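To start, the structure under review is shown below, and the notes come after it.
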Amino acid sequence: IPTFLIGYVLNHYSEILFTSTRIAGAGLLVTAILLFVSRRFNQGKKEYSQITVKDGFLIGTVQGIAALPGISRSGSTICASLFRGIRPSDAFRFSFLLSIPVIFGVAVLKLKDIFDGTIPAQEIRIFLFASAVAAVSGYIALWFLARFIRRGKFWMFAWYCLAAGIAVLCFMR
């Protein structure tokens, strides 16, 4: 619920948010900070079955904020789960499950665009192919991410986000 509410509000500012490389660069730096800090919270004991409504609401709120450019949805929700004392493997699982309604909701909105003619018919094949490629590459990325989490190395993605954020802020206009 908080994800959809925040997404709805941010959608009204999409022209500003999603055309600014500076906002994306800053978002990457925010993600880097979250990932660096998460290293200290890698010893949670709370299991998946012990996640509370309060945990879900707070993590869902973070997921909504992650709609901002440059802020990693999975990175921020996993970090928020770790901050709430959830075990890393269960934080990964919860983050994945939390993404399903968002992905489904966005897919429904895109299907609406297809059926009402917003997306031209000739672009539908491209849209479907891109969706399939995104699904396969997303699955591969999740496989690698799960390995990093199991090894306690999740925080190392912070270096990539830090470098990318600095590069975007310094070299992109």
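For the residues LYS54, LYS45, LYS110, a 1.4 Å probe over the protein chains yields an accessible-area ranking, largest first, of LYS45, LYS54, LYS110.
Within the chain, what whole-number % of the accessible surface is contributed by carbon and sulfur, with the 1.4 Å probe and all protein chains included in the calculation? About 71 percent, which is the carbon plus sulfur part of the accessible surface.
Per residue, the chain exposes 64 Å² of accessible surface when a 1.4 Å probe is rolled over the protein heavy atoms with every protein chain present.
The gain in end-to-end length when the ILE33 to THR21 segment is fully stretched comes to 2.5 nm, 0.36 nm per residue minus the alpha carbon separation.
Might you work out the accessible area of GLU47 for me, using a 1.4 Å probe with all protein chains in place, and round it to the nearest 10 Å²? Spelled out: GLU47, probe radius 1.4 Å, area about 80 Å².
Taking all protein chains together, ILE51, ILE59 sort by accessible area into ILE51, ILE59, largest first [probe 1.4 Å].
Dividing the helix sum by the residues of the chain, where each DSSP H run of 4 or more adds -39500 (n - 2.57), gives a mean residue ellipticity at 222 nm of -25000 deg cm²/dmol. Taken over the chain, the percentage of Cα pairs per 10 Å bin, counting from 0 up to the bin with the maximum distance, is 10, 32, 37, 17, 3, 0.
Measuring between their Cα centroids, region 117-173 and region 49-108 lie 16 Å from each other. The dipole here belongs to the chain: it is taken about the Cα centre, uses +1 on the Cβ of Lys and Arg and -1 on the Cβ of Asp and Glu, and is about 780 debye. Rolling a 1.4 Å probe over the protein heavy atoms leaves ASP116 with an accessible area of roughly 90 Å².
Within the chain, how many Lys pairs sit with Cα atoms under 20 Å apart, leaving out pairs fewer than 8 places apart on the same chain? Qualifying lysine pairs in the chain: 4. Placing a label point 7 Å from the Cα of SER14 along the Cα-to-Cβ line, the residues of region 60-87 whose backbone N sits under 20 Å from it are 63-74.
Which one of THR118, PRO101, PHE157 is farthest out on the positive end of the charge dipole of region 18-173, using unit charges on Cβ (Lys, Arg +1; Asp, Glu -1) and the Cα centre as origin? Result: PHE157, furthest along the dipole toward the positive end.
The values are calculated or read from the model by the stated rules, or taken from the named source; none is laboratory data. This is a predicted model, so every value here is computed, not measured. Note that we place each Cβ from the backbone using ideal geometry, even for glycine, and neighbour counts take in every protein chain shown. Remember, those area values only see protein heavy atoms, side chains included, never the ligands or the DNA or RNA. Shrake-Rupley method; radii C 1.70, N 1.55, O 1.52, S 1.80 Å.
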